[in-house]
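See below for the structure under consideration.
The values are calculated or read from the model by the stated rules, or taken from the named source; none is laboratory data. Remember, it's a predicted structure, so these values are computed and weren't measured experimentally. Heads up, the Cβs are rebuilt from the backbone with ideal geometry, glycines too, and the neighbour counts pull from every protein chain shown.
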Amino acid sequence: MSLPIAMGWRHLLFANWAVDPGIVAARLPDGLEVETYDGRAWLSVVPYLNVDVRPRGVPAAAGVDLPELNLRTYVSRDGEPGVYFFSLDAEGVLGVVGARLFHRLPYYYADIEISGTERGIAFASERRHPGAAPAEFVGTYEPVGDAFKPEPGSLAAFLTEHYRYYTTARDGTVRYADIDHEPWTLRAATAEIERNTLFEANGFDAPAGTPVCYYSRGVDIASSRNRRWE
């Protein structure tokens, strides 16, 4: 049984590409449906830093800090919206193993560096997971413009304000966990992406066009245990 967890998410980039819904649907497990905005599905690359990762109820000082990178899309089950992760790359072998075993999430061990520079947040990830498809991401991002709260029904809200993730067990059954946090405070962002092979590593062609990018300083979150959909 998985344990509910708590952590902070810091210095996030949401880099979002619009794609044809059929492209995403072909890669989803049975039981999940593509969520669209103005008729388009979205693939999002999200680099950030996890801080104070720990079981819920344990003091934050006992947690660990782990950088992470994920490729995700937006789905629903019986009308309940959520996020579906195609891959999550993270440092920390024990954390990766635990997330795969107990939370049924497709985590992969990676070497990741995140730092602040005069050009913004520099993030570099290279997957090192035995037997996994290679995946790299190298880029720098920074916020621009004023901070804002996403308006309900806006594209920014669609791409960020989700409070559930879905995954599947080895037998194909759908599972989920609920995520609790304050609403996002966002800023528009610029991103200079030097290398990104996450799409190819997950069976997608790299999307055309410029991504829609948002930055957030972060939120503190609490996650429920991972449960089977009944």
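What do you reckon, is ARG27 part of a loop (DSSP other than H, G, I, E, B), of a type outside the set (Gly, Ala, Ser), out of contact with any Phe, Trp or Tyr (no Cβ under 6 Å at 6 or more places or on another chain) and at pLDDT 95 or above? Lay out the reasoning, then the answer.
Details: part of a loop (DSSP other than H, G, I, E, B): yes; of a type outside the set (Gly, Ala, Ser): yes; out of contact with any Phe, Trp or Tyr (no Cβ under 6 Å at 6 or more places or on another chain): yes; at pLDDT 95 or above: yes.
Yes; evaluated as a whole, the condition is true for this residue.
Look at the range 1-47 and say how many of its residues are closer than 19 Å to ASP178 by Cβ and under 13 Å from the mean Cα position of the chain (by Cα).
Selection size over the range 1-47: 2.
Given the residues ARG225, ARG217, ARG187, which is the only one that is in contact with a Ser or Thr (Cβ under 6 Å, 6 or more places away or on another chain) and either surrounded by 14 or more Cβ atoms within 10 Å (Cβ to Cβ) or part of a strand (DSSP E or B) (or both)?
Working: ARG217 fails: in contact with a Ser or Thr (Cβ under 6 Å, 6 or more places away or on another chain); ARG187 fails: in contact with a Ser or Thr (Cβ under 6 Å, 6 or more places away or on another chain).
Result: ARG225 is the single residue among ARG225, ARG217, ARG187 that is in contact with a Ser or Thr (Cβ under 6 Å, 6 or more places away or on another chain) and either surrounded by 14 or more Cβ atoms within 10 Å (Cβ to Cβ) or part of a strand (DSSP E or B) (or both).
Taking the options THR160, THR210, THR185, THR197, name whichever one is without any contact (Cβ under 8 Å) to a residue 12 or more places away in the chain, polar (S, T, N, Q) and in contact with a strand residue (DSSP E or B) (Cβ under 9 Å, 6 or more places away or on another chain). Quick ask: steps written out before the conclusion?
On the way: THR160 fails: without any contact (Cβ under 8 Å) to a residue 12 or more places away in the chain; THR185 fails: without any contact (Cβ under 8 Å) to a residue 12 or more places away in the chain; THR197 fails: without any contact (Cβ under 8 Å) to a residue 12 or more places away in the chain.
None of the other options fit; the residue is THR210.
Condition check ((1) surrounded by fewer than 16 Cβ atoms within 10 Å (Cβ to Cβ); (2) closer than 18 Å to HIS11 by Cβ; (3) modelled with pLDDT under 95; (4) touching a Phe, Trp or Tyr at 6+ places or on another chain (Cβ under 8 Å)) across all residues:
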| residue | (1), (2), (3), (4) |
| --- | --- |
| GLU91 | no, yes, yes, yes |
| GLY116 | yes, yes, yes, no |
| ILE121 | no, yes, no, yes |
| GLY131 | yes, no, yes, no |
| GLU142 | no, yes, no, yes |
| THR167 | no, no, yes, yes |
| ARG175 | no, no, yes, yes |
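If only one of TYR74, TYR37 is more than 21 Å from TYR141 (Cα to Cα) and in contact with a helix residue (DSSP H, G or I) (Cβ under 6 Å, 6 or more places away or on another chain), which one is it? Lay out the reasoning, then the answer.
Values: TYR74 fails: in contact with a helix residue (DSSP H, G or I) (Cβ under 6 Å, 6 or more places away or on another chain).
Residue meeting the stated conditions: TYR37.
Only one of ARG104, ARG170, ARG175 is touching a strand residue (DSSP E or B) at 6+ places or on another chain (Cβ under 9 Å) and part of a loop (DSSP other than H, G, I, E, B); which?
Numbers: ARG170 fails: touching a strand residue (DSSP E or B) at 6+ places or on another chain (Cβ under 9 Å); ARG175 fails: part of a loop (DSSP other than H, G, I, E, B).
Testing whether each residue is touching a strand residue (DSSP E or B) at 6+ places or on another chain (Cβ under 9 Å) and part of a loop (DSSP other than H, G, I, E, B) leaves just ARG104.
Given (1) small (Gly, Ala, Ser); (2) buried (at least 19 other Cβ atoms within 10 Å of the Cβ); (3) out of contact with any helix residue (DSSP H, G or I) (no Cβ under 8 Å at 6 or more places or on another chain), where does GLY31 come up short, assuming only one miss?
Status for GLY31: all satisfied but (2).
Does TYR84 meet the test of being modelled with pLDDT of 95 or more, of a type outside the set (Asp, Glu), within 24 Å of GLY120 (Cβ to Cβ) and in contact with a Lys or Arg (Cβ under 7 Å, 6 or more places away or on another chain)? Lay out the reasoning, then the answer.
Numbers: modelled with pLDDT of 95 or more: yes; of a type outside the set (Asp, Glu): yes; within 24 Å of GLY120 (Cβ to Cβ): no; in contact with a Lys or Arg (Cβ under 7 Å, 6 or more places away or on another chain): yes.
Against the criterion (modelled with pLDDT of 95 or more, of a type outside the set (Asp, Glu), within 24 Å of GLY120 (Cβ to Cβ) and in contact with a Lys or Arg (Cβ under 7 Å, 6 or more places away or on another chain)), TYR84 does not qualify.
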